[in-house]
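Participant: This is the structure I have questions about; it appears just below.
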Amino acid sequence: MSSADRFLIKSLIAVFIISLLLLIAYFFSVIPEEFFTAVLIADSLAVLNYFSGLICIKIGLKGSQDTFFKATLGGMGIRLLVMLLLVFISLTYLNINRNSFIFSILFFYILYLIFELIYLYMKKI
């Protein structure tokens, strides 16, 4: 197993632990329900983005350099537009705490993007 694959497993475990800690904090009444709902939705959207990013990276690494750029950069552009649409829909139609949601999605988006970049860097070495 390569170091990139080990990192991928560790990052997936980190994603699971973050979600688990959020659930535990909610069940022990450490965080209020409105905050929990906003952060959980933000984390779920960011995790979907992360998994789709990993799929794009895997597809890009299997092909030529042209395929790689199309899959990673094109995939990143499409994922960013989809995330923007999902954030807009969430803020418009869901009754969630807007500040918690926006800051949480920003935090999780950056965190999982860092995971993607580290994985890509390790995979290319």
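Participant: Pick from I31, I41: which is in a loop (DSSP other than H, G, I, E, B), touching a helix residue (DSSP H, G or I) at 6+ places or on another chain (Cβ under 9 Å) and surrounded by 12 or more Cβ atoms within 10 Å (Cβ to Cβ)? Break it down stepwise before answering.
Facilitator: On the way: I41 fails: in a loop (DSSP other than H, G, I, E, B).
Going through I31, I41 in turn, the sole match is I31.
Participant: May I ask you to list the residues in the stretch 9-40 that are closer than 26 Å to L120 by Cα, β-branched (V, I, T) and in contact (Cβ under 8 Å) with a residue 24 or more places away in the chain?
Facilitator: Scanning the stretch 9-40 gives V15, I18.
Participant: OK, next. Would you mention how many residues in the stretch 87-119 are surrounded by fewer than 18 Cβ atoms within 10 Å (Cβ to Cβ) and assigned to a helix (DSSP H, G or I)?
Facilitator: Total meeting the criteria: 17.
Read the figures in this text as sums done on the coordinates, not as results from a lab. This one's a predicted model, so the numbers in the text were calculated from it and none came from an experiment. Quick reminder, even Gly has a Cβ in these numbers, built from the backbone with ideal geometry, and neighbours come from all protein chains shown.
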